[in-house]
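Remarks on the structure that follows.
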Amino acid sequence: MARPLSHPTWSSQRSGDAGPCRTLQPALNAYRRNWFCGTTTTSSSRGGSNPIFHSRLGGVSVAVAAAQNQPTRSDSSSTAQPCPLHACLLRYGFQDLAAVSAPKHLALSQEAVSSNVEPKLAALAAEALSHKQVWLVFKAHNSLVWCNYADTFQLNLHLLRDIAAHMKYRPHPKAPQLTAVGKVLAGSPGAVAQYLTRDPRKVQQLLRCLESDLGIGLEQLATCSSLCECLRMSASTAQAVIALPLGKKVPVQQVARMALAAPNLFGRSTTILAAKLAALEEVVDLDAAAALQLASLLYDIKARLPPLLRFLDGYMGVEGAGRRLVRAQPVLGTISAATAEGNIGSLAARGYSQQEIQRIINSLPGFLTHDLDSPLQQQKLDWIERMSPWTLDDFLSVPVYFTYSTRRLAARLALLRECGLQFSPTPRDLAVPSNASFMALVGERLVKQGAKLPCASWAEWEEAWLGTEEGREWGFPPLK
């Protein structure tokens with residue numbers, strides 16, 4: 001394996017030649033002031049030639065100074081050119097170079113930049129990341145400049161591509177060129193940069209640990225929503241944390257699901273997880289399996305949970321009701337007592353009796369995790385009460401129904417009314433289908449009646465509806 005590059009040895013200037021970035025520091029500073037800040041001028045105004053290389057990346061067009069001497073605005077006859085690293089970054093359209101202007105950056109040789117920096121930028125751009133996303137990843141972690149391209153960066157990127165081959169990925173219409181790997185790289189810049197610069201041998205150790213202890217291979221990793229967060233875990237730490245719930249008889253399958261859903265929990269010390277599990281077993285009387293699910297969501301358990309449990313006991317009028325509700329839906333344990341009280345007050349202000357609210361909480365404890373006082377949720381509750389043929393209970397009968405936007409629900413209901421169609425017993429057909437599927441369902445029902453859709457597409461209908469009084473009321477987020 002090639003020796004990893006470290007920045008003191010990257011400069012390859014000839015003996016006695018300190019290079020332009022060292023001997024022409026005053027001119028370089030003037031160059032930065034005149035060019036890096038975008039204050040370029042035409043060649044005629046500067047009294048000399050001024051070749052400009054135009055580069056476009058991610059829709060951003062920038063003028064990039066050619067890698068040749070440019071006259072400065074100083075009275076000196078000296079000429080200066082950007083150091084190799086800055087010249088490379090300028091060619092890719094990056095002008096805010098403050099984060100990479102330390103002496104060690106300025107000392108990088110052209111050979112080091114060409115072999116170790118530019119290939120990384122090209123690789124990130126090849127996944128169709130936007131100009132901003134490439135730069136965020138590049139400057140998120142200093143070692144992205146210094147790590148070896150062939151022995152580290154390229155190997156880690158290749159692993160992401162192997163995992164992406166198992167992903168069920170559909171490009172977003174607004175970013176059709178973004179690859180599956182690009183979507184992963186567009187996540188947390190810090191986690192992405194730390195993974196890409198990690199020693200591949202340690203990554204392989206982690207993969208062996210996940211495979212042997214939890215049966216997690218590349219196909220399972222493809223389902224992880226925080227993939228780079230997962231792949232930067234320490235193998236030894238992960239192995240110790242995995243052993244903890246397995247020792248408490250938590251099924252392997254559940255531990256594997258949690259490792260993929262909350263890798264941050266498995267990347268920390270066993271002491272943190274052990275303390276969380278112990279607190280949940282003590283405060284809520286959860287078994288280890290349920291405690292593991294909630295442990296990934298809670299931080300200060302002993303300070304947060306007891307007040308919530310006491311409040312729920314008091315409101316429900318039954319001792320132990322809080323524990324029962326949190327055990328039924330552990331996500332309830334993520335809110336504070338004040339949030340639960342506020343949401344209950346919001347329902348009460350709408351005329352719901354305590355008995356009705358208690359029934360809602362008993363059937364769906366997690367409903368209290370919605371911020372019912374927020375303008376968006378208030379708008380949805382208003383629409384259900386004033387416009388919808390279905391009640392709040394109908395929407396809560398399948399909790400996902402309540403999660404859809406008011407615009408989606410209102411615009412679809414308006415189309416059904418425009419077409420004179422009867423409503424189904426539940427909101428399912430209104431909420432769940434995609435726009436294309438919903439239009440197809442409506443079209444099929446109209447054909448049976450000898451009628452046809454009043455518009456050619458959902459986009460056409462929605463645009464027209466948003467221009468109506470009803471659309472203006474329900475189709476836009478309320479002003480705060």
Selection over segment 141-158 where residues are buried (at least 19 other Cβ atoms within 10 Å of the Cβ) and under 23 Å from the mean Cα position of the chain (by Cα) yields a count of 5
In segment 231-268, anything more than 20 Å from Y195 (Cα to Cα), open to solvent by 50 Å² or more (accessible area, probe 1.4 Å) and among the polar types (S, T, N, Q) is listed as Q253
Per the filter on segment 337-353, residues within 16 Å of D393 (Cβ to Cβ), surrounded by fewer than 19 Cβ atoms within 10 Å (Cβ to Cβ) and touching a residue at least 24 places away in the same chain (Cβ under 8 Å) are R350
Per the filter on segment 424-443, residues open to solvent by 40 Å² or more (accessible area, probe 1.4 Å), more than 20 Å from W383 (Cα to Cα) and free of Cβ contacts under 8 Å to residues at least 12 places away in the same chain are S434, S437, A440
Here the qualifying pairs (Cβ atoms under 9 Å; residues six or more apart or on different chains; first in segment 203-214 and part of a helix (DSSP H, G or I); second open to solvent by 50 Å² or more (accessible area, probe 1.4 Å) and modelled with pLDDT of 95 or more) come out as V203/L155; L207/L218; L210/Q220; L214/Q220
Checked A456, A436, A451 against criteria (outside any helix (DSSP H, G or I), more than 19 Å from M387 (Cα to Cα) and under 36 Å from the mean Cα position of the chain (by Cα)); the one match is A456
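Per-residue answers, yes or no, for (1) touching a His at 6+ places or on another chain (Cβ under 6 Å); (2) closer than 30 Å to Q239 by Cα; (3) of a type in the set (D, E):
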residue: E281; (1), (2), (3): no, yes, yes
residue: K302; (1), (2), (3): no, yes, no
residue: P307; (1), (2), (3): no, no, no
residue: F311; (1), (2), (3): no, no, no
residue: Y315; (1), (2), (3): no, no, no
residue: A321; (1), (2), (3): no, no, no
residue: R324; (1), (2), (3): no, no, no
residue: R359; (1), (2), (3): no, no, no
residue: H370; (1), (2), (3): no, no, no
Of the residues in segment 462-480 that are within 25 Å of V400 (Cβ to Cβ) and over 31 Å from the mean Cα position of the chain (by Cα), the one that is most open to solvent (accessible area, probe 1.4 Å) is E470
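Out of curiosity, is T391 over 23 Å from L415 (Cα atoms) and either at pLDDT 95 or above or of a type in the set (S, T, N, Q) (or both)?
It is false that T391 is over 23 Å from L415 (Cα atoms) and either at pLDDT 95 or above or of a type in the set (S, T, N, Q) (or both).
The values are calculated or read from the model by the stated rules, or taken from the named source; none is laboratory data. As the structure is a computational prediction, the values presented were derived from the model and not from experiment. In this analysis, Cβ positions are derived from the backbone assuming ideal geometry, glycine residues included, and neighbour counts consider all displayed protein chains. Side chains included, ligands, DNA and RNA excluded: accessible areas come from the protein's heavy atoms. Shrake-Rupley method; radii C 1.70, N 1.55, O 1.52, S 1.80 Å.
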